[in-house]
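Novice: Could you have a look at this structure, given as structure tokens, before my questions?
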Amino acid sequence: MFQGDIEHMQHNVEQPPPTSAGGAQETVIIVGQEEQPQLERKKRKLASKFPLVNISRNILLAYQSLGVVYGDLSTSPLYVYKSIFVGKLQDYQTPETIFGAFSLIFWTITLIPLIKYVLIVLSADDNGEGGTFALYSLLCRHAKFSLLSNQQAADEELSAYKYGFTGQSTSCSGLKRFLEKHKKSRTVLLIIVLLGACMVIGDGIITPAMSVISAISGIKAAAEHLSHGEVLVLSCLILVGLFALQHFGTHRVGFLFAPIVVIWLISIFGIGLYNIIIWNPKIVHALSPYYIIKFFRETRKHGWFSLGGVLLSVAGTEAMFADLGHFTSCSMRIAFSFLVYPCLVVQYMGQAAFLSKNLASIPDSFYNSIPDSVYWPVFVIATLASIVASQSIITATFSIVKQLNALGCFPRVKIVHTSKHVKGQIYIPEINWILMILTLSVAVGFQDTILMGNAYGLACMTSMFITTFLTTLVMIFVWQRNIALATCFLLFFWFIEGVYLSSAFTKVSQGGWVSLVLAFVFLAVMFVWQYGTRKKYSFDLHNKVPLKWLLGMGPSLGIVRVPGIGLVYSELATGVPAIFSHFLTNLPAFHSVLVFLCVKSVPVPYVSPEERFLIGRICPRPYRMYRCIVRYGYKDIQRDDGDFEDLLIQSIAEFIQMEAVEPQLSSSENPSLDGRMAVISKKNVQSTSTLIVSEDFGMRDSIQSSKSLTLQSLRSAYAEENPRIRRRRVRFQLPENPGMDPAVKAELEDLIRAKEAGVAYIMGHSYVKARRSSSFLKKFAIDIGYSFLRKNCRGPSVVLNIPQISLIEVGMIYHV
């Protein structure tokens, strides 16, 4: 069976060896690569044969998306009209301006969420994933825009890598070459992407405060004896409870979200329809854009200032694209087009009809427009809906921070996967409590939804402005559309969003400054971390240990080689890191088997387990030195499954056996053999394992097998304090195979003996310092900013789930 896999592999890979980032020749052997595309084609074929099954699935997903995606957008009627008619527009509170305000709201909802997002942007997905980083990932794979480190030519062979249009187009070749040639343009692109992420995080801070306070303010409208301070305290208590419940995960209360939003949408639809019929049916005429012209003709520049309130009607639209990975584009389109959009239009129309006859009710338009008989039920539903709206943006913030962290643009944080069945449902403790503190600060500091709305609108429209720009680049470089067509899309929506954005910037002194301050702080943190990480990687890349030096020392490496496996963690995907020579000079002995392990992220959302491991050899066979690259997508969760060591040993054994029969890997032209890698499929390892695997459970055998009494006592104490590590223990044996090459058999036996002796995790405890000749700005960024972030974030051993009892760290100073 194994030989059949090798033959299949040889027939499918017919290409010259590409050049890796480190400059070495890199040969990649791919096992099982054709399986994933075939599976996807079968799924599409089945979907075409059974369309009813596909439709029912999308309808179910559309229902579920209401509670996760549309809570924020659906609660905007609570505060939009109040935010429009503030300031100098209070002098223009007439039925005509009410009609004009509704016409503005209607066409804004139609042009931005319905036409731009539902019809166009939702199509710009990355293997089903959406958001700013999905667009950036697509661009980096179709053009050399990426500033991410340790990327390899082998990554381009991932089945998810070639998602989208892969044809060649000459219309954009000049623009593409210009952007690829100038590093500053790529840096600007990255900053734009990070700024978009910062604005979404800013939404995650402002939205909960604004939504909850807007909903709770209904109590004050009905119970006038309550003071503003008491309403604020109640709002803060709800916010604290909301953030305190995050560690349970959205899956535990998610089944409540969709019914709440459905009931809320039906309620506001009914109230809006009631107000249209009872108060002013002529409001239907305001669907004409002619009333927008009348609005600006009467209000002039004051109408332009009021656009900051109008744009709140589309706040939360970005969540449609950001949360696309949890659903499908079809389900999102169904939910918005057939339920959310008509309910919002009728509600805004109903409020306008009510206000045209009750101008004094504008400061609390929504609650005053509710009939008395249903006031309290609607108030309860509004409060619950505001909590759902807050939950959705908090969850989106966790997802964005996870993507930032995976792409090396955010300090290391603890990421908890809250659901075993649903991908992407995560909880980040540090971010959760930072969001809570900042949200409470905004709520207590402003105490006014008008000021919060100014900050919210600025953050929301900035993120939409950036999405329009990135979508245009995707049209040009990924979809290969005509540049003129993409430019028309850009100019049309940039004109609309630019008008709103310019109005939002006039409110900077009235609360909008909060979004700018938050964006600047988070952007500084992201850029400093990315800059420091890139400089550290560059140092490693230019100070690799020469392979001639290792070959000159012989298989013993000039030290004692003791039984055991040493896993040396490094960010380098090729070559031997400089810190390894530091190990050799500081440690008197080293393990008989060395594995240089690189855990890295690639610019795709998910990496299939069958494509996760790349195995290769460093130096000739007697050195017993290997390289393993473990690849994750930017939305993958690195779980501690407990079988990583065993899977790694099986993969190395599979590589050793493969090398014996694969001439391309066993070539003697390059005695170092560094850079020659093979994709070892997890499924292939389990089905055609070179080793016989036996299992037992517990730690007693491993504790007693140690010759050191001190080590026995330490392991026993560690096992008592960490009962979760009492997992299955795997033993390996060689099968009886008289035809096996003696050299291969000896190497496999050494690998098994080393595994039985134990596995040690070896990492460098690095200190990064700027060179003396560096500029003041670089010294400030590296010596103060980057050092502070490294000291106060999670250590790499914690993030990688390395057991502390088996960890060896050696300090080293990096002068970058």
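The values are calculated or read from the model by the stated rules, or taken from the named source; none is laboratory data. Please read all numbers here as calculations on a predicted model, not as lab measurements. No Cβ is skipped: glycine too gets one built from the backbone with ideal geometry, and neighbour counts run over all protein chains shown. Note: accessible area is taken over every heavy atom of the protein model, side chains too, but ligands, DNA and RNA are not part of it. Shrake-Rupley method; radii C 1.70, N 1.55, O 1.52, S 1.80 Å.
Novice: Within the range 134-162, track down each residue that is under 15 Å from Ile192 (Cβ atoms), of a type in the set (Phe, Trp, Tyr) and either surrounded by fewer than 19 Cβ atoms within 10 Å (Cβ to Cβ) or touching an Asp or Glu at 6+ places or on another chain (Cβ under 8 Å) (or both).
Specialist: The one that is under 15 Å from Ile192 (Cβ atoms), of a type in the set (Phe, Trp, Tyr) and either surrounded by fewer than 19 Cβ atoms within 10 Å (Cβ to Cβ) or touching an Asp or Glu at 6+ places or on another chain (Cβ under 8 Å) (or both): Phe145.
Novice: From the residues in the range 609-635 that are at pLDDT below 85 and out of contact with any strand residue (DSSP E or B) (no Cβ under 7 Å at 6 or more places or on another chain), which one is least open to solvent (accessible area, probe 1.4 Å)?
Specialist: It comes out as Glu610.
Novice: Sticking with this one: I'd like to check which helices (runs of 4 or more DSSP H) are fully inside the range 55-115 and have at least 2 residues that are of a type outside the set (Gly, Ala, Ser), closer than 23 Å to Ala396 by Cβ and at pLDDT 90 or above.
Specialist: Values: elements: 71-74, 80-84, 95-109.
Counting at least 2 such residues, we get 95-109.
Novice: Which condition breaks for Gly316 when tested against (1) open to solvent by 20 Å² or more (accessible area, probe 1.4 Å); (2) outside any helix (DSSP H, G or I)?
Specialist: Only one criterion is unmet by Gly316, namely (1).
Novice: Run down Gly316, Gly350, Gly308 and say which single residue is under 28 Å from Tyr92 (Cβ atoms) and either among the aromatic types (Phe, Trp, Tyr) or at pLDDT 90 or above (or both). Steps first, please.
Specialist: Details: Gly316 fails: either among the aromatic types (Phe, Trp, Tyr) or at pLDDT 90 or above (or both); Gly308 fails: either among the aromatic types (Phe, Trp, Tyr) or at pLDDT 90 or above (or both).
Testing whether each residue is under 28 Å from Tyr92 (Cβ atoms) and either among the aromatic types (Phe, Trp, Tyr) or at pLDDT 90 or above (or both) leaves just Gly350.
Novice: Going through the range 537-568 one residue at a time, which ones are on the phi > 0 side of the Ramachandran plot and modelled with pLDDT under 85? Reasoning before the result, please.
Specialist: The initial filter retains those residues of the range 537-568 that are on the phi > 0 side of the Ramachandran plot, namely 554, 557-558, 564.
Gly554, Leu557, Gly558 - these are the residues of the range 537-568 that are on the phi > 0 side of the Ramachandran plot and modelled with pLDDT under 85.
Novice: I'd like the residue in the range 129-187 that is touching a strand residue (DSSP E or B) at 6+ places or on another chain (Cβ under 6 Å) and in a helix (DSSP H, G or I) and, out of all such residues, is modelled with the lowest pLDDT. Show your work before the answer.
Specialist: Restricting attention to the range 129-187, the residues satisfying the condition of being touching a strand residue (DSSP E or B) at 6+ places or on another chain (Cβ under 6 Å) are 134, 137-138, 150, 154-155, 157.
Now restrict to residues that are in a helix (DSSP H, G or I): 134, 137-138, 154-155, 157.
Numbers: Ala134: 84, Ser137: 85, Leu138: 86, Ala154: 74, Asp155: 77, Glu157: 78.
Here the residue is Ala154.
Novice: Hey, among the residues in the range 568-608 that are in a loop (DSSP other than H, G, I, E, B) and hydroxyl-bearing (Ser, Thr, Tyr), which one's nearest to Glu129 (Cα to Cα)?
Specialist: Pass one, the range 568-608, residues in a loop (DSSP other than H, G, I, E, B): 570-575, 577, 587-588, 603-608.
Those still in the list that are hydroxyl-bearing (Ser, Thr, Tyr) too: 570, 574, 606, 608.
Numbers: Ser570: 29, Thr574: 30, Tyr606: 10, Ser608: 15 Å.
The selected residue is Tyr606.
Novice: Let me ask something additional. In this structure, does Ile649 turn out to be open to solvent by less than 10 Å² (accessible area, probe 1.4 Å), of a type outside the set (Ser, Thr, Tyr) and within 30 Å of Lys402 (Cβ to Cβ)? Walk me through it before giving the result.
Specialist: Numbers: open to solvent by less than 10 Å² (accessible area, probe 1.4 Å): yes; of a type outside the set (Ser, Thr, Tyr): yes; within 30 Å of Lys402 (Cβ to Cβ): yes.
Criteria met by Ile649.
Novice: Sticking with this structure for a sec: Of the residues Ala573, Ala589, Ala578, which is at pLDDT below 85, of a type in the set (A, V, I, L, M) and closer than 25 Å to Leu139 by Cα?
Specialist: Numbers: Ala589 fails: closer than 25 Å to Leu139 by Cα; Ala578 fails: closer than 25 Å to Leu139 by Cα.
On inspection, the qualifying residue turns out to be Ala573.
Novice: Let me ask something else. With Ala197, Ala244 as the choices, which residue is over 23 Å from Ala315 (Cβ atoms) and among the small types (Gly, Ala, Ser)? Reasoning before the result, please.
Specialist: Values: Ala197 fails: over 23 Å from Ala315 (Cβ atoms).
Unique residue meeting the criteria: Ala244.
Novice: Counting just the residues of the range 180-230 that are within 13 Å of Ser390 (Cα to Cα) and among the hydroxyl-bearing types (Ser, Thr, Tyr), which one comes out surrounded by the most Cβ atoms within 10 Å (Cβ to Cβ)?
Specialist: The selected residue is Ser211.
Novice: Turning to a different aspect of this structure: Being modelled with pLDDT under 90, in contact with a Leu (Cβ under 9 Å, 6 or more places away or on another chain), buried (at least 24 other Cβ atoms within 10 Å of the Cβ) and over 22 Å from Asp323 (Cβ atoms) is the requirement here; does Gly457 meet it? Even if it seems obvious, please write down each step before you answer.
Specialist: On the way: modelled with pLDDT under 90: yes; in contact with a Leu (Cβ under 9 Å, 6 or more places away or on another chain): yes; buried (at least 24 other Cβ atoms within 10 Å of the Cβ): yes; over 22 Å from Asp323 (Cβ atoms): no.
No.
Novice: For residues that are open to solvent by 40 Å² or more (accessible area, probe 1.4 Å), within 23 Å of Thr207 (Cβ to Cβ), touching a residue at least 12 places away in the same chain (Cβ under 8 Å) and polar (S, T, N, Q), tally how many sit in the range 503-540.
Specialist: Qualifying residue count, the range 503-540: 2.
Novice: Still on this structure: If I filter the range 541-566 down to residues being out of contact with any Cys (no Cβ under 8 Å at 6 or more places or on another chain) and buried (at least 16 other Cβ atoms within 10 Å of the Cβ), which single residue comes out as nearest to Pro620 (Cα to Cα)?
Specialist: This residue is Leu557.
Residue-by-condition table, conditions (1) open to solvent by less than 10 Å² (accessible area, probe 1.4 Å); (2) among the polar types (S, T, N, Q); (3) under 23 Å from Tyr456 (Cβ atoms):
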| site | (1), (2), (3) |
| --- | --- |
| Phe296 | no, no, no |
| His302 | no, no, yes |
| Phe305 | no, no, yes |
| Leu311 | yes, no, yes |
| Ala322 | no, no, yes |
| Phe327 | no, no, no |
| Cys330 | no, no, no |
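Novice: Within the range 116-128, can you find the residues that are polar (S, T, N, Q) and outside any loop (DSSP other than H, G, I, E, B)?
Specialist: Ser123
Novice: On to the next question. May I ask you to list the residues in the range 772-811 that are farther than 26 Å from Glu430 by Cβ and either open to solvent by less than 30 Å² (accessible area, probe 1.4 Å) or free of Cβ contacts under 8 Å to residues at least 24 places away in the same chain (or both)?
Specialist: Arg772, Ser773, Ser774, Ser775, Phe776, Leu777, Lys778, Lys779, Val810
Novice: Now, a different point. Report yes if some residue within the range 411-418 is charged (D, E, K, R) and assigned to a loop (DSSP other than H, G, I, E, B); otherwise report no.
Specialist: yes
Novice: Go through the residues of the range 367-385 one by one and say whether even a single one is out of contact with any strand residue (DSSP E or B) (no Cβ under 7 Å at 6 or more places or on another chain), of a type in the set (Val, Ile, Thr), modelled with pLDDT under 90 and surrounded by fewer than 23 Cβ atoms within 10 Å (Cβ to Cβ). Show your work before the answer.
Specialist: First, the residues of the range 367-385 that are out of contact with any strand residue (DSSP E or B) (no Cβ under 7 Å at 6 or more places or on another chain): 367-385.
Those left that are additionally of a type in the set (Val, Ile, Thr): 370, 374, 378, 380-381, 383.
Going one step further and asking which of them are modelled with pLDDT under 90, we end up with 383.
After this cut, where a residue has to be surrounded by fewer than 23 Cβ atoms within 10 Å (Cβ to Cβ) as well, the list is 383.
The answer is yes, given that some residue of the range 367-385 is out of contact with any strand residue (DSSP E or B) (no Cβ under 7 Å at 6 or more places or on another chain), of a type in the set (Val, Ile, Thr), modelled with pLDDT under 90 and surrounded by fewer than 23 Cβ atoms within 10 Å (Cβ to Cβ).
Novice: Next question, about the same structure. Determine if the range 518-540 includes at least one residue that is in a helix (DSSP H, G or I) and either touching a His at 6+ places or on another chain (Cβ under 8 Å) or under 30 Å from Pro622 (Cβ atoms) (or both). Don't jump to the end; show me each part of the working.
Specialist: Step one: list which residues in the range 518-540 are in a helix (DSSP H, G or I), which gives 518-540.
Imposing the further condition that a residue be either touching a His at 6+ places or on another chain (Cβ under 8 Å) or under 30 Å from Pro622 (Cβ atoms) (or both) reduces the set to 539-540.
For the range 518-540, residues in a helix (DSSP H, G or I) and either touching a His at 6+ places or on another chain (Cβ under 8 Å) or under 30 Å from Pro622 (Cβ atoms) (or both): present.
Novice: Further question on the same structure: Which is polar (S, T, N, Q), under 23 Å from Leu135 (Cα atoms), without any contact (Cβ under 8 Å) to a residue 60 or more places away in the chain and open to solvent by less than 50 Å² (accessible area, probe 1.4 Å), of Thr462, Thr472, Thr467, Thr487?
Specialist: Numbers: Thr462 fails: without any contact (Cβ under 8 Å) to a residue 60 or more places away in the chain; Thr467 fails: without any contact (Cβ under 8 Å) to a residue 60 or more places away in the chain; Thr487 fails: open to solvent by less than 50 Å² (accessible area, probe 1.4 Å).
Criteria check complete, one pass: Thr472.
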